[in-house]
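Remarks on the structure that follows.
The values are calculated or read from the model by the stated rules, or taken from the named source; none is laboratory data. All values reported here derive from a predicted model rather than from experimental measurement. Here the Cβ is made from the backbone with ideal geometry for all residues, glycine too, and neighbour counts use every protein chain on show.
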Amino acid sequence: MKQLDPFLHYHPVAVNTRYVISAQQQSQCYFVRSGAISMYRQPDDILIDLFDAPTLRGVISLPADTLSTYIIKTLVPSEIAILEREKLFALLTEHNLWELFSRHQLAIGSMVIEKMFKLITPTTYNVVRHQLYELINIPTEIRETILAETYIRSKTRLSRSGIMRILSDLKDGGYIVIVKGVLKEVKHLPENY
């Protein structure tokens, strides 16, 4: 959405800076031009995903009766512009960008559906397998700060022991390389465990 850059005021943001989105606090959109963020759902502390720049968060309204709160946290130094949602909508109208924005939202929607299917696969192994493929595709400077087991558990709520058993077996089988808990390499993972 580079067409909106002239209307955005980006500021450097330190690591671990947090922004809250809830039913009561949801009028702002967060444009991340550089860096990376995570998004967690509270109160159950589920990692929704990690997002590299450029990304836009906070556009979709939450239902008024939702009890969930979403926490956006910077993972690395980032540049973020904050814009009121209604101002974004006015800019989209003024600059005839609704079609482009709609296509962007459709792409995000299909990615969300794909991620959800990967979380509801029939076996624990398949869930872990999909998460390993997602984790290895995260940029190295971010991935190096994340323990594989913690990443998988925070996204799936699988037991630590179950995840560790699968990771250990995959490491022993030469399918993955993990050093001090950090995923370094994924070779071909078998379809079945």
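Among the residues of segment 15-44, those identified as farther than 20 Å from Lys118 by Cβ and either of a type in the set (A, V, I, L, M, F, W, C) or in contact with a helix residue (DSSP H, G or I) (Cβ under 6 Å, 6 or more places away or on another chain) (or both) are Val15, Val20, Ile21, Ala23, Ser27, Cys29, Phe31, Val32, Ala36, Ile37.
Does segment 113-127 hold any residues that are modelled with pLDDT of 85 or more and surrounded by 12 or more Cβ atoms within 10 Å (Cβ to Cβ), and which are they? The answer is Thr124, Tyr125, Asn126, Val127.
Does His130 satisfy the condition of being in contact (Cβ under 8 Å) with a residue 60 or more places away in the chain, part of a helix (DSSP H, G or I) and surrounded by 12 or more Cβ atoms within 10 Å (Cβ to Cβ)? It would help to see each step written out before you state the result.
Working: in contact (Cβ under 8 Å) with a residue 60 or more places away in the chain: no; part of a helix (DSSP H, G or I): yes; surrounded by 12 or more Cβ atoms within 10 Å (Cβ to Cβ): yes.
Taking the combined requirement at face value, the residue does not satisfy it.
So Leu135 fits all but one of (1) part of a helix (DSSP H, G or I); (2) more than 22 Å from Val76 (Cα to Cα); what number is the exception? Status for Leu135: all satisfied but (2). When Leu47 is tested against (1) farther than 19 Å from Ile163 by Cβ; (2) outside any helix (DSSP H, G or I); (3) touching a helix residue (DSSP H, G or I) at 6+ places or on another chain (Cβ under 9 Å); (4) not β-branched (Val, Ile, Thr), just one condition goes unmet, and that condition is (1). Annotation: of all residues in segment 21-44 being part of a loop (DSSP other than H, G, I, E, B) and small (Gly, Ala, Ser), the one that is nearest to Lys2 (Cα to Cα) is Gly35.
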